[in-house]
Each structure stands twice: as structure tokens, then as C-alpha cells.
Amino acid sequence: MQAIIGKVGDYLVRGCEKDDVPTVIRINGETLPEHYSDFFYYEILGEFPEAFLVAEVGGSIVGYVMARIEYGFSHLKRLGLSRKGHIVSVAVLEEHRGKGVGSILMEKAQEAMGARGATESYLEVRVSNDQAINLYQRLGYRTSGRLEAYYKDGEAALVMALPVGH
Ligand SMILES: CC(C)(COP(=O)(O)OP(=O)(O)OC[C@H]1O[C@@H](n2cnc3c(N)ncnc32)[C@H](O)[C@@H]1OP(=O)(O)O)[C@@H](O)C(=O)NCCC(=O)NCCS
């Protein structure tokens, strides 16, 4: 069993295990229009397990975050290349929202990025996703760009970024 690395109310945050991935895929299916192949989840779990986290209450998983480490141009006002943490997906089941679960998942993933030497965290979010944009802004993320027709249905994405690490 993975160690508990965070707590908010009755919710516990711990590392995702292989056996948890089907539940994560189900939560993704219920909460987001962006789905990935099963292989993709296991690949991310293998590459960066410290930032693939689940939140559970009473033994049931109710949310997850997953991220990867990349090397490329900074999304902050920095010149040149940076080691970046990319939040690939974060979601909390609707009946468990507004209780701090999304925030603690993001904060713990950001800590893991810093520990891997990343200097920033970044993500894409639908321009219409007010709940998520509010959460990211409250955590300190700032919009660094906009990608037109980023999603399959033609909606644009905001790119948001936050310094992490020391
Ligand atoms: C975005 C998402 C992950 C946020 O999860 P969440 O668990 O509701 O996040 P939090 O509870 O930490 O924060 C949500 C709100 O609850 C409030 N809140 C946080 N802790 C709280 C607490 N203990 N008691 C009451 N309210 C609280 C926060 O202030 C926050 O308000 P704000 O963001 O308007 O400022 C969730 O809405 C979701 O899964 N959406 C669908 C999937 C999605 O869009 N993912 C993002 C894709 S880019």
C-alpha cells in the first residue's frame, strides 16, 4: 500500500498503484471529454509515479492527478529551455468537489515536479472551464498563451503556468 502523502478533511492523498488505474480511467470517463488509451495511463505511471496521485475517502478513489516531466521552452517569462512538469489530467468526482481535493492533488503533484528538478508546472485548460481556471488561478497559475482549436470539438485552450521548486 502506498504511503499517505496528504490529507484534507476525510480525504487522503497517496500514490496511484497499477491496480488503481482502471478506477482512474473510469473517473476520467465520467468527468472529462478527453480520454486516453489505457497504455498511456500506465506509461505515465511508469515515467513519473511520484506525481500520479489519487485521493480517496472511505477506501474509494474519488479523484486523481497525473503529470509528466518534459524539457522545452519555458511558459514563464524566462529565456530558453526549462525542465517543466506538465499536468496531463486532474479530476475529482462531482459529488466530492469544493472540499479542497483538487487543490491538494495539484499541490502534491507540483511538489513532486520540484523534487524532480522542474522549475515550472504548466497545463492546458478549456477556455470555458471556469471551475478549473479558478482553481489554477487560486494556486498561482497565470495564463501564458492560448491555443486555438486545441480540442477535438474546436474549443481553444489556455496555457497556464506556475513556478515550482526552490
Ligand atoms: C477542476 C476540479 C479538479 C477542481 O476540483 P475540486 O476538488 O472541486 O477543487 P477544490 O475543492 O480544491 O477547489 C474548488 C473550490 O472549492 C473551494 N474549497 C476548497 N477547499 C474547500 C473547503 N475545505 N471547503 C469549502 N470549499 C473549499 C475552493 O476555494 C475552490 O473555489 P475556487 O476554485 O472557485 O476558488 C474539478 O472541478 C473537476 O474535476 N472538474 C472536471 C474535470 C476538469 O475539468 N479537470 C480539469 C481539466 S484541465
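Where a number appears in this text, it was derived from the coordinates with a stated rule and is not lab data. Small disclaimer: the values here were computed from a predicted structure and weren't measured. Counting neighbours? That spans all protein chains shown, and the Cβs are built from the backbone with ideal geometry, glycine included.
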Roughly how big is the chain's charge dipole about its Cα centre, with Cβ charges of +1 (Lys, Arg) and -1 (Asp, Glu), in debye to the nearest 20? 700 debye
Could you list S144, S37, S89 so that the one with the fewest beta carbons within 10 Å of its beta carbon is first and the one with the most is last? S37, S144, S89
Work from the charge dipole of the chain (Cβ charges, +1 for Lys and Arg, -1 for Asp and Glu, about the Cα centre) and give the residue of F40, I5, T143 farthest towards its positive end. T143
Taking the highest mean first, how do the peptides 39-50, 71-82 order by number of other beta carbon atoms within 10 angstrom per residue? 39-50, 71-82
Please state the equivalent ellipsoid semi-axes for segment 1-109: what are the square roots of 5 times the Cα gyration tensor eigenvalues, largest first, in whole Å? 24, 16, 14
Förster-model FRET efficiency, 22 Å R0, Q131 and L76, C-beta, rounded to 0.05: 0.40
Taking the convex hull of the alpha carbon atoms in segment 47-166, what volume per residue do you get, in Å³? 118 Å³
Give the relative contact order (percent, whole number) for the chain; include only Cα pairs under 8 Å separated by 6+ residues. 19 percent
